[in-house]
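One structure below.
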Amino acid sequence: MKRLFSVAAFCLMAMPLMFAQNTTAEPASDTGGKPVIAFETMEIDYGTIPHNGEPYREFKFTNTGDAPLIISNARGSCGCTVPEWPKEPIMPGQSNVIKVRYATDRIGKFSKTVTLTTNDDEGQHVLRIKGEVLSDPPAEGSTPAPTGVDNQ
C-alpha cells in the first residue's frame, strides 16, 4: 500500500511537467497563412503629357504571401483619379494590376493618390501618380494672349 501511495504521489508531481509547453521551441513564422501584396513601384510619374493624352497607367503587383489576397476597395483622392482593381482573390504567387485613369483634360501639374483596402497585415496601401498635362499649342495664325503686360 505504501508503495502504491508513493507511485501515485510521484505521478501527481510529474504531471505538470508532462503538460508544460516547450519554451525553447522556435517561434512560428509571421507570414504563415497570410497574403502579402508586393508592388513593382508605389509611384508612377506620367512625366509631361499632351492635353487629353493617354490617361491610363498600371501598378503591377504580386501576392508574395501564402493565402489569397483580396482587394476590397480602391479609392482615388479626387474624381479625376479613377482606379480599376481585380475583384477576384489573387492567389499566392499570382500577379495582377491596379489600373489608374487620370483625367488628362486638366492642364497643369498634378499629384494624386489611390488608397487600396486589402486583407493583408497592413490593410491599406497608398499608390501615387504625378505629372504635368501640357496646354494645347496655339492655333496656327493666332496671336498668343499677352502675359503680364498692361495695355493702357
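Every read-out reported here was derived from the displayed coordinates using simple, explicitly stated rules and does not represent laboratory data. It should be emphasised that the depicted structure is a prediction, and the values quoted were computed from it without experimental measurement. For neighbour counting, all protein chains shown are included, and Cβ atoms are generated from backbone atoms with ideal geometry for every residue, glycine included.
Net charge dipole, the range 37-133: roughly 420 debye, given to the nearest 20, about the Cα centre with Cβ charges of +1 for Lys and Arg and -1 for Asp and Glu.
Ranked by how many other Cβ atoms sit within 10 Å of their own Cβ, fewest first, the residues Thr115, Thr41, Thr81 fall in the order Thr41, Thr115, Thr81. Bridgeable aspartates and glutamates around Lys34 (alpha carbons under 20 Å apart, same-chain partners fewer than 8 residues away excluded): Glu26, Asp66, Glu88, Asp120, Asp121, Glu122.
Of all DSSP beta bridges located in the range 37-133, what percent are antiparallel, nearest 5? Just about 85 percent of them are antiparallel. Extension gain, Lys99 to Lys87: 0.36 nm times the residue separation minus the Cα-Cα distance gives 3.1 nm. Amide H contacts of Gly131: Tyr46, Phe110, each under 5 Å away and 5 or more positions distant or on a separate chain (H built 1.01 Å from N in the peptide plane; Pro and chain starts excluded). Here the simple spin-label model places points 7 Å from the Cα toward Cβ, and for Asn119 and Glu58 these points are separated by 2.4 nm. Number of Lys-Lys pairs in the range 37-133 with C-alpha atoms under 18 Å apart and a separation of 8 or more places or on different chains: 9. Lys and Arg at +1, Asp and Glu at -1: add these up for the other residues within a Cβ distance under 14 Å of Tyr102 and post the number. Taking every other residue near Tyr102 into account, the sum is +1. Among Phe110, Phe61, the order by Cβ neighbours within 10 angstrom, fewest to most, reads Phe110, Phe61. For the range 37-133, the Stokes-Einstein estimate of translational diffusion at 25 °C and a viscosity of 0.890 mPa s comes to 178 µm²/s, using the Kirkwood hydrodynamic radius over alpha-carbon pairs. In terms of other Cβ atoms within 10 Å, Glu122, Glu43 run from fewest to most in the order Glu122, Glu43.
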